[in-house]
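A quick write-up on the structure given underneath.
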Amino acid sequence: MVDTPLIRLGTRQSPLAMAQAHETRARLCAAHGWDEAAVELVQVIASGDRIQDRPLAEIGGKALWTRELDIWLAEGRIDAAVHSMKDVETLRPETLTIAAILPRADKADVLLGAASLDAIPESARVGTSAPRRAAQLLHRRPDLQVVGIRGNVATRMAKLEGGEADATFLAAAGLQRLGEEQVGTRLEPEDWLPAPAQAAIGIECRTDNAQARDYLAAIDNGPSHAEILAERRLLEGLGGGCSSPIAALTTTEGDTLVLRAAIFSADGRERIEDSASFASDDADAPRELAARLLGRAPPPVRALFEGGA
C-alpha cells in the first residue's frame, strides 16, 4: 500500500472520460504491480463539457477538450492527462508528449434510430455535429436532413429519445467502454469510414517528466500507437480541423500500415478518396497521401482544409 500516489492522471469528468481513466489506471497497476492507490484520478472540467449548445468549430475547436488539462500539466497539478485521441488537436506543444496509446478498441460508428443507413426514412432528421459524419451521410443519402446535436453519450441518446432527431451516431468504442454494446447498429468501418484516431485512448505528459514517461511506456501499445501517429500525420498534411470533413481507416498487416482516407465537401456532394501502404515507421507516407487528396480536390473542398490542424 502506498502512502501517496506515484502518478496523478488528469481526466475530464464525463462518464466516458472517467471510464477511460479507470482503464488507464487498471493497466498501469497491472503493468507495475501497483495497488490502485498508486494512481490518483484528478477530475478537470473541460470547456467543451461546459458549452454544449454550439458546434466546436464556433467556440474554439478541439482545444476545448485539452485546454484545462494542458494548464494543469504545466502547473504540475497532474503528471499526465488521459485523452480520447480523436479529440486532441493535431499540432501539440513540444513541451508535451503522447507517452502511451492503449490498445485501440472498435473503430466503428454505431447508428441509433434505424436498422441501417438505407432504412432511415426519407427526409428524416439525423443528429450530428461532426462534419465527417454529416458529409459522409449526405454523400450516401442526400435526401436526409442533418441537425446539430452535441453532448456526451447519455445526452445524445436522451435527445434522440426526446425527438430532437430521428437517428444519430455514436462511436462503438465509447458505447463499449460504458457497457452499452447492445445499443444501435454497428456500421462496418470499411463501408463507413471512421474519424482519424477514433477508438484510441492516449496519455500525455510533460516532455521533461522522465519519471512519468517511464511509467507510461509500460502500457504503450506499439501497433495502436503507430496507427494513431499515421492518422495524425495525415491530419497534419491536410491541415484539417474540427470543421473539416475527414474520414480515415488504418489497418495493420505485420509491419505495414494500410491507410484509407476520404475528404468531402461540407454538403457531401464531393468525395475524394485514396489509400497508401507503408512501413509503420514511415512518417512521410501519410503526409504524401494528404497531398494527393488535396491535389485532386476542387477549390471549395480544399478551402475546408486550410490551416485548421
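Throughout, read-outs are computed from the coordinates displayed, never taken from laboratory work. Keep in mind the model is a prediction, meaning the values are calculated, not measured.
Here are a few things to note about the model shown:
- Taking every alpha-carbon pair under 8 Å whose residues sit at least 6 apart, the chain reaches a relative contact order of 21 percent.
- Nearest 10 degrees, 0 to 90: helix 131-140 Cα axis against the chain principal axis: 30
- In the chain, the DSSP-assigned H stretches of four residues or longer account for a calculated mean residue ellipticity at 222 nm of -10000 deg cm²/dmol, using -39500 (n - 2.57) per stretch and the full residue count as denominator.
- The stretch 234-305, relative contact order [Cα under 8 Å, separation at least 6], %: 35
- The angle between the Cα long axis of helix 222-238 and the main principal axis of the chain comes to about 50°, on a 0 to 90 degree scale.
- In the chain, the DSSP beta bridges split such that about 70 percent are antiparallel, to the nearest 5.
- Taking the DSSP bridge list for the stretch 109-187 and keeping only pairs wholly inside it, about 60 percent are antiparallel.
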